[in-house]
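A quick write-up on the structure given underneath.
The values are calculated or read from the model by the stated rules, or taken from the named source; none is laboratory data. Note that the structure is a prediction, hence the values are computed from the model and not measured. Counting neighbours? That spans all protein chains shown, and the Cβs are built from the backbone with ideal geometry, glycine included.
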């Protein structure tokens, strides 16, 4: 009985401390966010506009050091597994893009000293190329892989 009371008191005090910190403005959702949200990049309707929104530049060059793995045929465009890896030294950011989607920028991952590798599932509206774009040393590198979609996932 005593231990339950102690656990309850410790939890109550911790919750009170967090509540006071939020009330005092010490903890805010903006302070918790790691980076600013690039809204213009995600709203962009064109490939180059999306690149400029994320990286400030466009014009990625093809590179054999970027690997994009995706299925040749995706039976459902709502869940297409994609893996992107960069062997370019100093890669600090990888974005996945699909030009034929209503908004080409699918996702953007930042790597702060971590291995530049990501694996996720994306949505595709129709058959198109999945493009992995890596940012390293102020330059953009890319690789692409065509994925045939039988049932569209972006409103199709």
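Yes/no matrix, rows are residues, columns are (1) in contact (Cβ under 8 Å) with a residue 40 or more places away in the chain; (2) within 15 Å of the chain's Cα centre (by Cα); (3) in a loop (DSSP other than H, G, I, E, B); (4) farther than 17 Å from residue 139 by Cβ:
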| residue | (1), (2), (3), (4) |
| --- | --- |
| 40 | no, yes, no, yes |
| 48 | no, no, no, no |
| 59 | yes, no, yes, no |
| 64 | yes, no, yes, no |
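Condition first: at pLDDT 90 or above and touching a helix residue (DSSP H, G or I) at 6+ places or on another chain (Cβ under 6 Å). Can you find one or more residues in the range 69-85 that meet it? No.
Anything in the range 125-143 that is modelled with pLDDT under 90 and touching a strand residue (DSSP E or B) at 6+ places or on another chain (Cβ under 8 Å)? List them, or say none.
Passing the criteria: 125, 126.
Just so you know, in the range 103-115 the residues that are farther than 15 Å from residue 60 by Cβ and assigned to a loop (DSSP other than H, G, I, E, B) include one that is nearest to the chain's Cα centre (by Cα), and it is 111.
Does residue 146 satisfy the criteria of being at pLDDT 85 or above and either out of contact with any strand residue (DSSP E or B) (no Cβ under 9 Å at 6 or more places or on another chain) or within 11 Å of residue 86 (Cβ to Cβ) (or both)?
no
Just one residue in the set 100, 125, 53 is outside any strand (DSSP E or B) and in contact with a helix residue (DSSP H, G or I) (Cβ under 7 Å, 6 or more places away or on another chain); that residue is 53.
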